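Each remark here refers to the structure printed beneath this line.
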Amino acid sequence: SAVISQKPSRDICQRGTSLTIQCQVDSQVTMMFWYRQQPGQSLTLIATANQGSEATYESGFVIDKFPISRPNLTFSTLTVSNMSPEDSSIYLCSAAGLAGGLDTQYFGPGTRLTVL
Amino acid sequence: GQQVMQIPQYQHVQEGEDFTTYCNSSTTLSNIQWYKQRPGGHPVFLIQLVKSGEVKKQKRLTFQFGEAKKNSSLHITATQTTDVGTYFCAGMTTDSWGKFQFGAGTQVVVTP
């Protein structure tokens, strides 16, 4: 199994600022993802974080707004740029593909973001 | 694009009763996963189904994958208060390897 940590666990930010969320996995994984989840809602995939290359974004999400880094097989960051109250949400990172396989997706504890 | 529908959205269950949540995809899936998210927690992986018609059991939980690999179900018997939470299915298609489309989830409330 994999253990995933996220920092910060929560933050309150001002409109127009940016926040970078860090995701650390205790094992090397093939794939890392970033999701957004509104309270009481389902998970929406923002992007796949690709190691050593640009992230792959889902429809409705763009790199300028959500730049993502993945410098190695255990770490990724998501930045929420030029924030507005609509960006208030829980941001979750996940990892899949321990030892190259794809069977289980592990989720981090999430970052609860509030934008004022 | 691929859509994963999940019903019911809410399930109110008396402790000891059984219930089932259903997941339907608009496209054929290569595999489907089920997750449980407790209130205030993050999704926790329960199981993955890959084969057509596959049935897997985990204690009181029974998971099924349809013959056409477009639907799945989770059946819980003798519900306990520890079953409270939201259950999500997540489907993956062959042309989106590694990326799972999550259903809306079934929020389960258990009455003692």
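If you plug each phi of segment B:85-91 into the Karplus form 6.51 cos²θ - 1.76 cosθ + 1.60 with θ = phi - 60°, what whole-Hz ³J(HN,Hα) values come out, in order, with x for Gly and Pro?
x, 10, 9, 10, 9, 9, x
Roughly how crowded by other chains is peptide B:100-106, in terms of the mean Cβ count from those chains within 10 Å of each of its Cβ atoms? List each step's numbers first, then the result.
Details: counts 8, 5, 7, 2, 3, 5, 0.
Mean partner-chain Cβ count within 10 Å for B:100-106: 4.
If you put +1 on each Lys and Arg Cβ and -1 on each Asp and Glu Cβ, how big is the dipole of segment A:2-116 around its Cα centre, in Debye rounded to 20?
Details: 7 positive and 8 negative charges, 51 e Å.
Computed charge dipole of segment A:2-116: roughly 240 debye.
Quick check: pseudo-label points 7 Å beyond the Cα along Cα→Cβ at B:Asp18 and A:Arg10, how many nm apart are they?
4.0
With springs only between Cα atoms under 10 Å, which of A:Phe75, A:Phe33, A:Phe61 fluctuates most in a Gaussian network model of chain A?
Highest fluctuation among the options: A:Phe61.
Under a plain spin-label model, where a point goes 7 Å from the Cα along Cα-to-Cβ, how far apart in nm are B:Thr94 and A:Ser27?
So the label points at B:Thr94 and A:Ser27 sit 2.8 nm apart.
Placing unit charges on C-beta atoms (Lys and Arg positive, Asp and Glu negative, everything else neutral), compute the dipole magnitude of segment A:7-72 about its Cα centre in debye, rounded to 20.
Numbers: 6 positive and 5 negative charges, 42 e Å.
Once rounded to the nearest 20, the dipole reads 200 debye.
Going by a ≥ b ≥ c, the root eigenvalues of the Cα gyration tensor, does the protein assembly as shown fall in the rounded group (a/c under 1.5), the prolate group (a/b larger than b/c) or the oblate group?
Details: a/c = 1.91, a/b = 1.44, b/c = 1.32.
Cα axes put the protein assembly as shown in the prolate bin.
On a C-alpha basis, how far is the centre of segment A:1-21 from the centre of segment A:49-116 in Å? Whole number, if you could?
10
Under a 5 Å amide H to amide H cut-off, with H placed in plane at 1.01 Å, what residues pair with B:Thr93 once short-range neighbours are removed?
Amide H to amide H, under 5 Å and 5 or more residues apart or across chains, B:Thr93 pairs with B:Ser30.
Taking the Cβ-Cβ separation of A:Phe75 and B:Thr81 as r and a Förster radius of 35 Å, what is the calculated FRET efficiency to the nearest 0.05?
Details: r = 38 Å, r/R0 = 1.08.
In this case the efficiency is close to 0.40.
Zone of A:Asp64 (label point 7 Å along Cα→Cβ, backbone N under 17 Å): which residues in segment A:15-54?
Answer for segment A:15-54: A:16-18.
Within the set of other residues whose C-beta is less than 11 Å from the C-beta of B:Val110, count the net charge using Lys and Arg as +1 and Asp and Glu as -1. The partial results should precede the final answer.
On the way: positive: none; negative: B:Glu15, B:Glu17, B:Asp83.
Once all neighbours under 11 Å are counted, the net charge is -3.
In Å, what Kirkwood hydrodynamic radius results for segment B:16-101 from the alpha-carbon pair distances?
Values: mean 1/r = 0.0755 Å⁻¹.
Result for segment B:16-101 stands at 13.2 Å.
Give B:Lys56/B:Lys99; B:Lys69/B:Lys99; B:Lys59/B:Lys99 a once-over and call out the pairs whose C-alpha atoms are over 20 Å from each other.
Numbers: B:Lys56/B:Lys99 22 Å; B:Lys69/B:Lys99 17 Å; B:Lys59/B:Lys99 28 Å.
Beyond 20 Å: B:Lys56/B:Lys99; B:Lys59/B:Lys99.
If you take the C-alpha gyration tensor of segment A:1-82, multiply each eigenvalue by 5 and take the square root, what semi-axes do you get, largest first, in whole Å? Let's see the in-between values first.
Details: eigenvalues 80, 46, 37 Å².
Those come to 20, 15, 14 Å.
FYI, it's all coordinate maths here, none of it is from the lab. Computed from a prediction, not measured in an experiment: that's the story for all the values here. Cβ atoms come from the backbone with ideal geometry, glycine included; neighbour counts cover every protein chain shown.
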